[in-house]
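The values are calculated or read from the model by the stated rules, or taken from the named source; none is laboratory data. The structure presented is a predicted model; accordingly, all values stated were derived computationally and were not measured. All Cβ positions, even for glycine, are placed from backbone atoms using ideal geometry, and neighbour counts span all protein chains on display. Side chains included, ligands, DNA and RNA excluded: accessible areas come from the protein's heavy atoms. Shrake-Rupley method; radii C 1.70, N 1.55, O 1.52, S 1.80 Å.
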Amino acid sequence: SDHHGILDKFIGDAMMAVFGAPIPSDQDAENSVRAAIDMLRALDRLNQQRAQVGDPSIKIGIGLNTGEVLSGNIGSNKRMDYTVIGDAVNLAARLESATKSFGAQLLISEFTANGIQRSHPLREVDLLRVKGKLKPVRVYEVITNKLERSPSLSENFAHYEEGLWRYKKGDWSGALERFLTAVSLNEGDRLSEEYVRRCRHFIHTPPANDWDGVWVMKTK
């Protein structure tokens with residue numbers, strides 16, 4: 001890999017890559033995000049070629065997480081493979097799955113976000129409590145590729161960010177207005193559409209006074 005990652009395994013139609021194993025560095029998070037962005041850029045070029053011949057576009061979702069893992073040759077005497085296992089790996093898989101719900105291409109955890117350069121534009125997605133875990137995790141979408149394709153989306157993201165700020169304060173009506181504006185500027189913004197649904201729900205059924213803002217991820 002140009003970004004010092006290794007392709008660990010294929011899992012059905014997915015693949016798992018590892019950065020920083022067996023020797024970690026302070027650039028592992030940055031390298032993983034750069035590799036993911038390069039993948040999305042390459043996919044854009046491929047989809048442009050497919051569109052020219054009338055083929056449907058290919059869509060992918062990428063989830064990145066940073067944390068401690070157990071690495072080494074794992075398996076039995078009959079089959080032994082070098083891989084990594086642990087909760088950090090499981091969270092990355094959960095984020096990849098969440099890209100479908102949020103209409104995102106590249107989701108990263110707060111742990112990966114803390115280790116990357118600020119040259120990557122991010123938008124906060126949610127505060128998720130993963131199934132089976134008590135401590136919530138803040139999740140971000142890397143929007144580099146979306147802005148490269150359509151710089152006009154910056155206005156859409158600005159309305160989204162104000163909507164999320166109002167949402168956190170419990171201003172459901174104010175947040176709803178901002179999210180609706182974001183959707184009007186980009187009808188493909190499924191994340192804003194998700195928050196429109198949440199705001200409308202909370203307007204009619206407010207959460208408990210001790211609500212902590214966490215959205216529970218029910219799928220694996």
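At a Förster distance of 41 Å, what's the computed FRET efficiency of residue 119 paired with residue 13, Cβ-Cβ distance as r, to 0.05? Could you put the intermediate results ahead of the total?
Values: r = 31 Å, r/R0 = 0.76.
Calculated value: 0.85.
Top to bottom by accessible area (1.4 Å), largest first, where do 19, 157 land? Before the final figure, lay out the partial values.
Working: 19 50, 157 10 Å².
Greatest to least solvent exposure: 19, 157.
Can you tell me the relative contact order of the chain? Whole percent, Cα pairs under 8 Å, sequence separation 6 or more.
Working: 313 pairs, mean separation 33.5, N = 220.
Normalised by residue count, the contact order of the chain is 15 percent.
For the chain, which DSSP H helices look membrane-span-like by this rule: Cα extent along the axis of 27 Å or more and mean Kyte-Doolittle of at least -1.0? Before the final figure, lay out each step's value.
On the way: long enough: 28-52 (37 Å, -0.77).
Flagged H segments are 28-52.
For region 119-220, give me the percentage of DSSP beta bridges that are antiparallel, rounded to the nearest 5 percent.
Here the antiparallel bridges make up roughly 65 percent for region 119-220.
Taking semi-axes √(5λ) of the Cα gyration tensor in Å as the quantity of interest, determine which of [x] 34, 24, 14; [y] 32, 23, 15; [z] 46, 22, 15 was computed from the displayed structure.
[y]
Per DSSP helix of 4 or more residues, -39500 (n - 2.57); summed, then divided by the residues of the chain. What does that give at 222 nm, rounded to the nearest 500? Mind dumping the intermediate values first?
Working: 7 runs with 97 residues, N = 220.
Helix-only estimate at 222 nm: -14000 deg cm²/dmol.
Any chance you could list the semi-axes, whole Å, largest first, of the equivalent ellipsoid that the Cα gyration tensor gives for region 31-128, using √(5λ)? It would help to have the intermediate numbers written out before the result.
On the way: eigenvalues 154, 82, 34 Å².
They are 28, 20, 13 Å, listed largest first.
Highest GNM mean-square fluctuation, the chain, Cα pairs closer than 10 Å: which of 140, 160, 82?
Sorting by GNM fluctuation, first place goes to 82.
Could you give the length gained on full extension between residue 205 and residue 43, defined as 0.36 nm per residue of separation minus the Cα-Cα distance, in nm? Show your work: numbers first, answer last.
On the way: separation 162, 0.36 × 162 = 58.32 nm, distance 4.17 nm.
Between residue 205 and residue 43, full extension yields an extra 54.2 nm.
Which residues' amide hydrogens lie under 5 Å from the amide hydrogen of residue 8, considering only partners 5 or more residues apart or on another chain, with H built in the peptide plane?
16, 17, 18
Sorting 80, 16 by accessible area (1.4 Å probe), largest first, what list results? List each step's numbers first, then the result.
Numbers: 80 95, 16 35 Å².
If we order 80, 16 from most to least accessible, we get 80, 16.
Å³ per residue of the Cα convex hull, for region 17-59? Intermediate results must be reported in sequence, preceding the final value.
On the way: hull volume 2.5 nm³, N = 43.
Convex hull of Cα atoms, per residue: 58 Å³.
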